[in-house]
Each structure stands twice: as C-alpha cells, then as structure tokens.
Amino acid sequence: MLITYIVSGFAVGLLVGMTGVGGGSLMTPLLTLLFGVPPSVAVGTDLAFAAITKSAGTFTHRLRGTVRWDIVKLLCIGALPAAIVTTLLLKHFGTLDKNIGQVIRYSIACSVMLTVVALIFKGKMLAWLNAHPERHLQGARLSTATVLAGLLLGTLVTVSSIGAGAIGATLLVMLYPRLSSAEVAGTDIAYAVPLTAIAAFGHWWLGSINWTLLAMLLLGSVPGITLGSWMARAVPEKFLRVLLALTLTGVAAKLIY
C-alpha cells in the first residue's frame, strides 16, 4: 500500500507539473475514491502536502520577482480568518462525524467542478475582460473584491483542500487582467502558503492528518512535478486541459453519486 501511495503522489505531481493545476483537485478525490480515505483525513493530509510543496514554489517565484505582495496581503486578509472560522466550525460539528464527512465529500465535488469551469472558461473570461477595460475594478472596489475572493477561497480550501490552484488563479485573472502569467502563478502560490499552513494546522488540531500517507505522497510527488515540468513543453496545453477537465468532471460525478 505504501508503494501505491508513492506512485499516486508521482502521478499527481506529473499532472501538476504538466498542467499547472493545483494538486488538491487531483489528490483529494484520488485519496477519497481510490483508497477509501475518509474525506476529512484526505483534506487534512492534502493541505499539509500543499503547504510544504507551495513553500518551495513561493521561494522560487520570490527570487524571480513574480509575486505581487500587495495582492497577497489583501487575499490573506480574507482567507486566513475564513480558514480559522471554518476550522472552528468543523471542530464544533465534528469532522469525523458521518454526516459532516458527507458534507465534506459534496464540498470536494463542488470545488472540483469549479476547477473544471476555471480550466474551460479562463481564456474566454480573460478575452472578454481585455475587450471591455471599462469593466475593470479599480481602487477600493478592487481591494474589497480581492478580500472577498480571499474569504471564499479560505473557506473552500479549509473544507475541501481545493481552490488555491485553478480557482484562485482564475479569480486573480478576473480581478487583475493586466498581471502577467508568471505574476498570476507566483501570487496564487504565495498567498496559498499561509492559507494551507493555517488550514493544515487546524486539521492537525482536529486529528485529521495521516502523517505516513503524507510522507509517501511527498516522496512520489517531488520527482513527478520535476518530470512533468519538463514534459509540459512537449504536450499541447489545450489537449491536457480538456483531458483533465473531462477526468475531473467524472470524479465530481463519482463523489456525488
């Protein structure tokens, strides 16, 4: 079973490296459906996984100067309190309770489908925004919208471990269409580090992290992400995103039914 976890970590890392889609939308459903890991444990373990892997990514983006720290600050103002409040609610209602487990399962399915929407329509959203510059938010309205986006992402990530990847990047593109692709990626990863760290700490407090599973996933994912990043240039991005969208749609349907 440990070898299977390592192979799964490698496979998810490979896809993340090739597509740029956050590992949560792949890893959490995989643990829940394929290995029968309880939803709360799958979420907690994946959050700890994300906090470690995204820290390395943030360091790289910081060296390259591709993190907009002013946007990171606004996102964290909304996301971090949301993560703390959501953790307290999970503690109050009991994450290991069967009914709460089912709610978390449905939350994972909804987050996966939001990822699919982000994958399919991100380009069209950006094209529309670029064609209508008068619709761009400015000043206080933009800051408020960014904080609210952080609040939404903080809640989603804490409940389902999904949202800090494709969904977060899509929201950044919608709010800040003039950001370069590198800045979107760097900013998305940077705010996710404290968010996933706080959410992971909360799940550790709730007792919903499997540390052995986490170690095996990390062991497989690091070489997987490295190889996937090299392979990304050889495989058409559009083909990968369509394939991933179809796969995630099937995963969401399986989680619900």
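The values are calculated or read from the model by the stated rules, or taken from the named source; none is laboratory data. On a predicted model such as this, the values are computed, not experimentally measured, just so you know. Cβ placement follows ideal geometry from the backbone for every residue including glycine, while neighbour counts extend to all protein chains displayed.
The rows are residues; the columns are (1) surrounded by fewer than 18 Cβ atoms within 10 Å (Cβ to Cβ); (2) of a type in the set (S, T, N, Q); (3) at pLDDT below 75.
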position: Thr60; (1), (2), (3): yes, yes, yes
position: Val67; (1), (2), (3): no, no, no
position: Asp97; (1), (2), (3): yes, no, yes
position: His132; (1), (2), (3): yes, no, yes
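Does region 183-207 hold any residues that are hydrophobic (A, V, I, L, M, F, W, C) and touching a Lys or Arg at 6+ places or on another chain (Cβ under 7 Å), and which are they? Listed by number, the residues that qualify are Ile189, Ala192, Val193, Leu206. State whether one or more residues within region 171-183 are under 25 Å from Gly36 (Cβ atoms), at pLDDT 85 or above and not acidic (Asp, Glu). Checking region 171-183: not a single residue is under 25 Å from Gly36 (Cβ atoms), at pLDDT 85 or above and not acidic (Asp, Glu).
Checking each residue in region 207-222 for being crowded, with 19+ Cβ neighbours inside 10 Å and either among the aliphatic types (A, V, I, L, M) or out of contact with any helix residue (DSSP H, G or I) (no Cβ under 6 Å at 6 or more places or on another chain) (or both) picks out Ile209, Leu213, Leu214, Met216, Leu217.
Mind listing whichever residues of region 161-204 are out of contact with any Leu (no Cβ under 8 Å at 6 or more places or on another chain), part of a loop (DSSP other than H, G, I, E, B) and crowded, with 24+ Cβ neighbours inside 10 Å? Passing the criteria: only Gly165.
Touching a helix residue (DSSP H, G or I) at 6+ places or on another chain (Cβ under 8 Å), in a helix (DSSP H, G or I) and at pLDDT below 75 - does that describe any residue in region 82-91? So far as region 82-91 goes, no, none of its residues is touching a helix residue (DSSP H, G or I) at 6+ places or on another chain (Cβ under 8 Å), in a helix (DSSP H, G or I) and at pLDDT below 75.
Would you confirm, using the coordinates I've provided, whether Ser161 is more than 19 Å from Ala48 (Cα to Cα) and of a type in the set (S, T, N, Q)? Write out each step before concluding.
Values: more than 19 Å from Ala48 (Cα to Cα): no; of a type in the set (S, T, N, Q): yes.
No; evaluated as a whole, the condition is false for this residue.
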